[in-house]
Amino acid sequence: MSTNPDSRRRIVLVDDHAMFRTGVRTEIGAAVDIVGEAGDVDEAVKVILETKPEVVLLDVHLPGGGGAEVARRVLATDPEVRFLALSVSDAPEDVIGVIRAGARGYVTKTITGEEIVDGVRRIADGDAVFSPRLAGFVLDAFAGAVDPGSIDEELDRLTQREREVLRLIARGYAYKEVAKELFISVKTVETHVSSVLRKLQLSNRYELTRWATDRRLV
């Protein structure tokens, strides 16, 4: 990879909000080459492997398994791709989860366009990039002040909505009750439950309830 700081880096932008992707493209499009975009996990993996960018700007919460799932699947095929997580979340489980999956940095969406470009260049050149407060947290994690093992890798695979459905189902809610509670259709609840069972490799509602109880999610 080039080490010329003035070279235009090839990036893929992954975020499930099209308006946010448009805003980022407007902010940084003159300084980098955005060679692809994606809004969910499967689409992201496909676009990244096809376009082979230097850096992927990766949202943490994505339909289909989250940013960590994108990093895991891509790096299993192409370990040269580098990921910079860009998220509204600064929750410890999100930070550790995506870093453990292979991201080289994590910044929050309060960052400026100029700072994103600088972060992309640094990640492309092999550096690690973190927002200041998150840098301290990550250092604490590796120093033992925070236990990375306490972050549940299986739970990381679920989207925020899937976690909400999981908790309600584990508490004994019927599908209709979950739908009413979350203001979604029964069919959508069924889709989320099927996705949760598949991702966690569980067979039925009983196993799902036991899984959630064991992790004190209920």
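The values are calculated or read from the model by the stated rules, or taken from the named source; none is laboratory data. Please read these numbers as outputs of a predicted model, since none were measured by experiment. So basically every Cβ, Gly included, is an ideal-geometry build from the backbone, and we count neighbours across all protein chains shown. Surface areas here come from the heavy atoms of the whole protein model, side chains and all, with no ligands, DNA or RNA. Shrake-Rupley method; radii C 1.70, N 1.55, O 1.52, S 1.80 Å.
Annotations
- Ranking by accessible area, most exposed first, for S194, S131 with a 1.4 Å probe: S194, S131
- With contacts taken as Cα pairs under 8 Å at a separation of at least 6 residues, the chain carries a relative contact order of 16 percent.
- Within the accessible surface of the chain, defined with a 1.4 Å probe on protein heavy atoms only, the carbon and sulfur portion equals 51 percent.
- Computing FRET efficiency as 1/(1 + (r/R0)^6) for Y206 and K176, where r is the C-beta to C-beta distance and R0 is 22 Å, gives about 0.70.
- R215 sits with roughly 80 Å² accessible to a 1.4 Å probe, with DNA, RNA and ligands left out of the calculation.
- Among I28, I184, I99: highest mean-square fluctuation, GNM of the chain, C-alpha pairs under 10 Å: I184
- Gyration tensor (alpha-carbon) shape descriptor, the range 148-215, a/c threshold 1.5: prolate
- Treating r as the C-beta distance of K187 and D40 and R0 as 22 Å, the FRET efficiency rounds to 0.75.
- Pair T108, R167: separation of 7 Å Cα→Cβ label points (nm): 2.1 nm
- Most fluctuating residue given options S185, S195, S87, as computed from a GNM of the chain linking Cα atoms under 10 Å: S185
- Contact order, relative form, for the range 148-215: 37 percent (alpha carbon pairs under 8 Å, 6 or more residues apart, mean separation divided by residue count).
- Dipole axis of the range 148-215 (+1 Lys, Arg; -1 Asp, Glu on Cβ), positive-most option in I169, L200, F183: F183
- Net charge dipole, the chain: roughly 600 debye, given to the nearest 20, about the Cα centre with Cβ charges of +1 for Lys and Arg and -1 for Asp and Glu.
- Highest-MSF residue in the chain out of V35, V98, V55 [GNM, Cα springs under 10 Å]: V35
- Whole-percent pair-distance distribution, where bins are 10 Å wide, for the alpha carbons of the chain: 8, 32, 33, 20, 7, 1
- Paramagnetic label reach from D33 (point 7 Å along Cα→Cβ; backbone nitrogen cut-off under 14 Å): within the range 50-77, residues 51-55.
- Antiparallel DSSP beta bridges within the chain, as percent of all bridges there, nearest 5: 0 percent
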